[in-house]
Amino acid sequence: MGSWGGAYSLADLTAGFKGGTAPLQFPASQNSEMEVDEVVCLPRLPRVAVCGGTHGNELSGVYLVRELLKAEKKVMEKEEEEPLSVLMVLSNPRAMQQCRRYVDTDLNRCFTHAKLNGPIPDNAPYEIIRSRELNATLGPKGNPEAVDLVCDLHNTTANMGLCFIAYSDCDWICLHIFRHLQRQMPDVPMRYIHFDVSNKESYSLDSVGKHGFAMEIGPQPHGVVRSNIYTAMKVGVQHMLDWVRIFNSGTIFEGGCVDVFTMIKHIDYPRDNETRNITAAIHPKVQDRDFCLLHPEDPLFQTFSGETLRYKGNEPLYPFFINECAYYEKGIALSLARKRRVTIPAIRVQTEQQQRANEQEFASEEEE
């Protein structure tokens, strides 16, 4: 990947968490004479959660949230008021203490509607109990009281750059934030990954908020922190929080296009029928080539005896999470996605009058 995280000055890295950066410059709208009804008005985002350590051995998020908590303490000591409420969360403290992905079960698979609302047995896994605690703090999921935006920080061993992973390809808030980061961090390769899963079946921590995404950055070995990966995450979070502040202030953000990678399927490693041990590794021509188009009959695996196994799909697709360390236990060698261009509208924050009208409409629906 090179040193794509190292192109930022010390001022870039330390400013911005409490709104102290210089005003950001946004490109003028291509439709400067646009009518008001061409702009989508969305509710204000007064509460944002930044979560790290959902997987206890993905260390960029762990150290970044710790750093943000120290910065928050200094702000409180100076009695400075922050117009945006930012909640910093260390999601899986037991796994962090042991520098493991999880203690009993994968916390980032514990936020489906069924797991959050079903009965809890006496011997429930730690992460099931912790998911209920996080849902109470950040949610409840699907409830009007949930935080407005959850950004959950992750690392991958795959060569994926900085990715947003979200359950919607039409959440204009998440897509605009992603587009903003693309503009502000042009030297960092970025992609927007869409998992087409319903709200009830969405399983990760970021699904608890009204809006949410995982910020996934790699390559970084688990249990290790690399300064360039940490720096990219830190700068990305800074720009995300700056965007929210400016959105809340009433700025109109122009529409445009975003390339979205929708996950289609997972592919497992070839395995022995009896032992279920893997019999091949990712082919050298595929390894580290996340988001490079994979065509039918391209090399895909290389067996331990040296044979090349080819991709047998019916269409070219984009591989990602190639050879992710944590996915061996899940039976995933790589995932495949289709890419399409999504047009996003211009947006701005709702006026107080619009917000009151929406609240009244919601209250009426609740009474019915």
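The values are calculated or read from the model by the stated rules, or taken from the named source; none is laboratory data. As the structure is a prediction and not an experimental result, all values here were calculated from the model. All Cβ positions, glycine included, derive from the backbone under ideal geometry; neighbour counts span all protein chains shown. We work out accessible area using only protein heavy atoms, side chains counted, and drop any ligands, DNA or RNA first. Shrake-Rupley method; radii C 1.70, N 1.55, O 1.52, S 1.80 Å.
For residue 87, the residues whose amide H sits under 5 Å from its own are 48, 49, 50, ignoring neighbours fewer than 5 places away on the same chain, with H placed 1.01 Å from N.
Taking only protein heavy atoms and a 1.4 Å probe, the accessible area of segment 264-340 is 46% carbon and sulfur.
What's the FRET efficiency of residue 69 with residue 40 using the Cβ-Cβ distance as r and R₀ = 41 Å, to the nearest 0.05? Mind dumping the intermediate values first?
On the way: r = 34 Å, r/R0 = 0.84.
That pair, residue 69 with residue 40, gives E of 0.75.
Within the shell defined by Cβ-Cβ distances under 14 Å, the residues around residue 193 carry a net charge of -4, with Lys and Arg each +1 and Asp and Glu each -1. Per-residue accessible area for residue 172 at 1.4 Å probe radius, Å² rounded to 10? Here the accessible area works out near 60 Å².
By the rule of a C-alpha distance below 18 Å, with chain neighbours fewer than 8 residues away ignored, the lysines paired with residue 339 are 265.
Hydrodynamic radius of segment 150-189 by the Kirkwood approach over all distinct alpha-carbon pairs: 11.4 Å.
Distant-in-sequence amide contacts of residue 344, defined by a placed amide H-H separation under 5 Å and a gap of 5 or more residues or a different chain, comprise 256, 257, 258.
Computed extension length for residue 126-residue 289: 55.1 nm, one decimal, from 0.36 nm per residue of separation with the Cα-Cα distance subtracted. Here the label points at residue 249 and residue 272, each 7 Å from Cα along the C-beta direction, are separated by 6.3 nm in the simple model.
Could you please put 173, 129 in sequence from largest to smallest accessible area, using a 1.4 Å probe?
129, 173
Using R0 = 45 Å, the C-beta based FRET efficiency linking residue 310 and residue 197 works out to 0.90.
Residues 196, 152 ordered from highest to lowest accessible area at a 1.4 Å probe: 196, 152.
Rounded to the nearest angstrom and listed largest first, the equivalent-ellipsoid semi-axes of segment 42-255 from its Cα gyration tensor are 25, 20, 18. Percent of Cα-Cα pairs more than 19 Å apart in segment 129-284, please. It works out to 61 percent of all Cα pairs. Temperature 37 °C, viscosity 0.692 mPa s: under these conditions the Stokes-Einstein estimate for segment 215-304, based on its Kirkwood radius over C-alpha pairs, is 186 µm² per second. The 3J(HN,Hα) values that the Karplus relation (6.51, -1.76, 1.60; θ = phi - 60°) gives for segment 197-213 are, in residue order, 10, 5, 4, 5, 8, 4, 10, 9, 4, 5, 6, 6, x, 4, 10, x, 7 Hz. Gly and Pro appear as x. For a label point 7 angstrom out from the Cα of residue 297 toward its Cβ, which stretches of segment 309-344 have the backbone nitrogen within less than 17 Å? The answer is 309-317. Taking 7 Å steps out from each Cα toward its Cβ at residue 94 and residue 338 produces label points 4.2 nm apart. Ordering 194, 222 by accessible surface, largest first, gives 222, 194; the 1.4 Å probe counts only protein heavy atoms, with every chain in place.
Of all lysines in the structure, those lying under 25 Å Cα to Cα from residue 234, and not within fewer than 8 positions of it along the same chain, are 18, 70, 73, 74, 78, 210. Working note: Debye formula, equal point scatterers on the alpha-carbon atoms of segment 264-340, no solvent; log10 I(q)/I(0) at q = 0.12, 0.13, 0.17, 0.18 Å⁻¹ is -0.30, -0.35, -0.61, -0.68.
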